[in-house]
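Only one structure is covered here, and it is reproduced in the block below.
The values are calculated or read from the model by the stated rules, or taken from the named source; none is laboratory data. Small disclaimer: the values here were computed from a predicted structure and weren't measured. Cβ coordinates were reconstructed from backbone atoms using ideal geometry, including for glycine residues, and neighbour counts include every protein chain displayed.
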Amino acid sequence: MKLRTKLIILVSILVIILMVVTSRITLGYLERHLHDSIAAQQTATVVHVATDIDSTLRSMLELLTASARVVPPAALADPSGAKAFLESRTGLRTLFNNHLFVVDAAGNLLAEVTNQEVRRVENFSGHAFFNKARATRKPLISELTTCCTGTANLREIVFISPILGKNGSFKGALLGGIDLSEENSLSRFGRITVGNKGFTRIIDRNHMVLIHAEREHTLIKAVPEVARLVDAAREGYVGTRETKGRYGDILLTSVTKLGSKDWVVAASYPLAVAYEPVKVVRRLFIISTVVAILGVLVVVSLSMQYLTRPILALERHINELSGKKGKERLVPVSNEDELSRLTETFNTMLAEIDRQTESLRESEDRFRGAFEQAAVGMAIIDREGLLIRTNRRFCDIAGRHDDDLAGLDCLALVHPEDRSAAREIMPTIAATEGEPLTRELRFTHGTGRTVWANTAFSPVRGRSGPDDSFIMVVEDVTERKRAEEEILRLNSDLEQRVADRTAALENANRELEAFSYTVSHDLKAPARHISGIVDMVLEDWGGCMEPAHRELMERVAAAAGRMQSMIDGLLELSRVGSDELRRQEVRPADLAREVCIELAAAEPARQVDWSVKDVPPANADPELLMTVLENLLGNAWKYTSRNERAEVEFGCEYCSGKNMYYVKDNGAGFDIRDAQRLFAPFQRFHPASEFEGNGIGLATVARIIHRHGGTIRAESAPGRGATFYFSLD
């Protein structure tokens, strides 16, 4: 195949690949952008619909509850009075489509207003929703039930509000039912559409479709993929995923959980409809690509014909070069383009060949000198392993004269135990296509002593092609081997001493932890007894004590309490040092948010600006990491208690190749010059009268961080808050 043809094919292929890749990237981006855009809009729609549904459900339950509060007490003893009350609630009857009921405290039906001709239930005490409302005295919405529809099929949702007496006792209940098989107050949500082909529905915790635009799809189970998405939504997921529909079509389904009921709102949009614009663009891309490729083929063909014309002329000159002499061997140079520079290079190469021929002769002379004067032993051997030539250093290593070595089998110089390995050297070089080979061999000196040597074998390429001979380079390393053996012996002794010291240290640590745990455990009972006795004394004789005596007893009780707190801290410190470390991937930000929520719930009146940033996951023990965050965030909470506006932040910085998590506050702070005792047990920088504590928290934190192989440090100044940085590996 000619060069011009190859260039045409190569350039055409590159252009085609470039256009195809560009098209794929563009279409892929368009599909992903369209997918994400629809998913975001659909998720927003679902959240909006869910908010509307929550508002409707709460309104219905509030209206029912308001009516329950005004049920006349006489109506609970007189069915006709209860009936009259129900008929008077016109708005409520409209809201529940004439499905209203009044029951007494035992669950017996007193009166009803209903469109059903047949009533299946005379007593509601067998239904879970009634018993729960009676027990909690609170209004609620039931799951699917059959109590009021006159049919055995699950198709009704019941709203129930207790009727309470003046003392809060349960007197009965007002019930409102929604028959999902007919038009009801929630039906309008099923008619909400997404685009021109999308639809919405409400699904309960058992994956039953409660509300749907198409009646035949109501009160049936959701398909498995949607059911799994519903379970995810019930766990807090809000978003969009691809699911398979009931008829096998692929849908973009968005979900979110209602706030007032354990139901999920789902909206789906056919993926094929969503990608219809992409299909149009793809067809246009294909047409334009084909047209562009045809144009490229024509342009490239003409261009290559013009560009390769000088190259063909150069080829003809080279073919005729053997019959030329002198300046005729040089190729004429016509201009200053790339081909002209190539021609000049070719002319230079011809002159270089003659120069190198002469240089080769000189190189052979230099090689002879270097061979004889080399600081390492060198020998030339043939394919049979016979020595052809040796230098002076090789004779010294072998302990023989060069006349004695000429024609000698080199294996005769090798130590008997290494000869089997030496025999494999030549075949190995042949199998690796002439790659140099290095071996450490022992040689027998002419005096009988053993000489260790690094031996390198390199093939010499002959004119005929195959390897005719080999160069063997031998370096005497006997003294180095002796030094290595001595180092290995010393290292072995050192490793054994280190292992013994490490084992002794680990045993001492275990004994110290066991002692700490035992002492702490044995001290708890006396401290608890002291506290109990003081409480009994204050309870029985506190009223008749002198104020000074009572103050002394209270100080004893407070001291016993502090002692119990310190003992608990010691036990916790011992536990974190002895429990097995169970590492797994943990999201520190999620744990930090849990701790912040618990702290805020403990004192809701405090004004604290919490800032928990999204940080990288960590490979850590989740329980121990939770202990770290509880202590650090708890300290930040505690030491900002006197700030009018407290600020607490959790985040992460990447420093020196690892993630450094931090907890920052604007609280009381401390003098950083005392930081060396910050993480020691029972060390406090503030008196207990200002900030309570036992001085164990930061010691526990440091122990956990060090067990993870991490580090911890602090930055602070009095009155300017504190920042604690820690890593976990």
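So SER125 passes all but one of these: (1) farther than 17 Å from LEU100 by Cβ; (2) under 43 Å from the mean Cα position of the chain (by Cα). Which condition number does it fail?
Unmet condition: (2).
What residue, of PRO604, PRO616, is in contact with a strand residue (DSSP E or B) (Cβ under 7 Å, 6 or more places away or on another chain), free of Cβ contacts under 8 Å to residues at least 60 places away in the same chain and assigned to a loop (DSSP other than H, G, I, E, B)?
Selected residue: PRO616, the only one of PRO604, PRO616 that is in contact with a strand residue (DSSP E or B) (Cβ under 7 Å, 6 or more places away or on another chain), free of Cβ contacts under 8 Å to residues at least 60 places away in the same chain and assigned to a loop (DSSP other than H, G, I, E, B).
Sort through ALA412, ALA375, ALA370 and tell me the only one that's outside any strand (DSSP E or B) and within 60 Å of the chain's Cα centre (by Cα).
When all the criteria are applied, what remains is ALA375.
Counting only residues that are in contact (Cβ under 8 Å) with a residue 24 or more places away in the chain and β-branched (Val, Ile, Thr), which one in the stretch 272-285 is farthest from ILE16 (Cα to Cα)?
So the residue we want is VAL273.
In the set ASN659, ASN635, ASN631, which member is more than 20 Å from GLU603 (Cα to Cα) and either assigned to a helix (DSSP H, G or I) or modelled with pLDDT of 90 or more (or both)?
Exactly one of ASN659, ASN635, ASN631 is more than 20 Å from GLU603 (Cα to Cα) and either assigned to a helix (DSSP H, G or I) or modelled with pLDDT of 90 or more (or both), namely ASN659.
Going by what's in this entry, would LEU599 be described as surrounded by 12 or more Cβ atoms within 10 Å (Cβ to Cβ), in a helix (DSSP H, G or I), touching a helix residue (DSSP H, G or I) at 6+ places or on another chain (Cβ under 8 Å) and modelled with pLDDT of 80 or more?
Judged against the criteria, LEU599 is a match.
Just one of the numbered conditions (1) over 26 Å from ALA602 (Cα atoms); (2) surrounded by fewer than 23 Cβ atoms within 10 Å (Cβ to Cβ) is not true of GLU623; which one?
(1)
Hey, ALA422 hits all of (1) surrounded by fewer than 17 Cβ atoms within 10 Å (Cβ to Cβ); (2) under 27 Å from PHE367 (Cα atoms); (3) small (Gly, Ala, Ser) but one; which does it fall short on?
Only one criterion in (1) surrounded by fewer than 17 Cβ atoms within 10 Å (Cβ to Cβ); (2) under 27 Å from PHE367 (Cα atoms); (3) small (Gly, Ala, Ser) is unmet by ALA422, namely (1).
So which pairs qualify, if the first residue must be in the stretch 302-320 and closer than 13 Å to LEU330 by Cα, the second must be modelled with pLDDT of 70 or more and part of a helix (DSSP H, G or I), the Cβ gap must be under 7 Å, and the two must be at least 6 apart or on different chains?
Listed by first residue and then by second, the contacts come to LEU314/THR343.
Search the stretch 186-202 for residues being assigned to a loop (DSSP other than H, G, I, E, B) and buried (at least 17 other Cβ atoms within 10 Å of the Cβ), and hand back the single one that is farthest from the chain's Cα centre (by Cα).
That would be LEU186.
Sort out which residues of the stretch 128-155 are at pLDDT below 90 and surrounded by fewer than 23 Cβ atoms within 10 Å (Cβ to Cβ), and write them in order of number.
LEU144, THR145, THR146, CYS147, GLY150, THR151, ALA152, ASN153, LEU154, ARG155, listed by residue number.
Considering only residues that are touching a strand residue (DSSP E or B) at 6+ places or on another chain (Cβ under 9 Å) and either of a type in the set (Lys, Arg) or under 15 Å from ALA267 (Cβ atoms) (or both), look in the stretch 52-88 and name the one that is surrounded by the fewest Cβ atoms within 10 Å (Cβ to Cβ).
Selected residue: ARG69.
Name the residues in the stretch 695-729 that are part of a loop (DSSP other than H, G, I, E, B) and under 13 Å from TYR661 (Cβ atoms), would you?
Once the filter is applied, which keeps residues that are part of a loop (DSSP other than H, G, I, E, B) and under 13 Å from TYR661 (Cβ atoms), the stretch 695-729 yields HIS708, GLY710, THR711, SER727, LEU728, ASP729.
Condition check: surrounded by fewer than 20 Cβ atoms within 10 Å (Cβ to Cβ) and either more than 47 Å from the chain's Cα centre (by Cα) or on the phi < 0 side of the Ramachandran plot (or both). Does ARG205 satisfy that?
Considered against the rule, which asks whether it is surrounded by fewer than 20 Cβ atoms within 10 Å (Cβ to Cβ) and either more than 47 Å from the chain's Cα centre (by Cα) or on the phi < 0 side of the Ramachandran plot (or both), ARG205 comes out as yes.
Could you pull out the residue among SER88, SER12, SER59 that is over 26 Å from LYS261 (Cα atoms) and within 49 Å of the chain's Cα centre (by Cα)?
Of the residues listed, the single one that is over 26 Å from LYS261 (Cα atoms) and within 49 Å of the chain's Cα centre (by Cα) is SER12.
Check LEU581, LEU494, LEU523, LEU571 and return the single one that is at pLDDT 75 or above, surrounded by 10 or more Cβ atoms within 10 Å (Cβ to Cβ) and part of a helix (DSSP H, G or I).
None of the others qualify; the one that does is LEU494.
For the stretch 62-80, which positions are more than 60 Å from the chain's Cα centre (by Cα) and touching a residue at least 40 places away in the same chain (Cβ under 8 Å)?
Those that are more than 60 Å from the chain's Cα centre (by Cα) and touching a residue at least 40 places away in the same chain (Cβ under 8 Å): PRO73, LEU76.
Take the residues of the stretch 89-104 that are among the polar types (S, T, N, Q) and touching a strand residue (DSSP E or B) at 6+ places or on another chain (Cβ under 8 Å): which is modelled with the highest pLDDT?
ASN97
Which residue pairs have Cβ atoms under 9 Å apart, sit 6 or more places apart or on different chains, and have a first residue in the stretch 442-460 that is farther than 19 Å from ILE388 by Cβ and a second that is surrounded by 17 or more Cβ atoms within 10 Å (Cβ to Cβ) and of a type in the set (S, T, N, Q)?
Pairs that qualify, where the first residue is farther than 19 Å from ILE388 by Cβ and the partner is surrounded by 17 or more Cβ atoms within 10 Å (Cβ to Cβ) and of a type in the set (S, T, N, Q), are THR450/THR444; VAL451/THR444.
Quick one: ALA680 ticks every box in (1) surrounded by fewer than 15 Cβ atoms within 10 Å (Cβ to Cβ); (2) at pLDDT 85 or above; (3) over 29 Å from ARG606 (Cα atoms); (4) of a type outside the set (Ser, Thr, Tyr) except a single one, so which number is it?
Just one mismatch for ALA680, condition (2).
Output the number of the condition that LEU339 fails; it satisfies all remaining conditions of (1) at pLDDT below 70; (2) more than 21 Å from THR5 (Cα to Cα).
So the condition that LEU339 fails would be (2).
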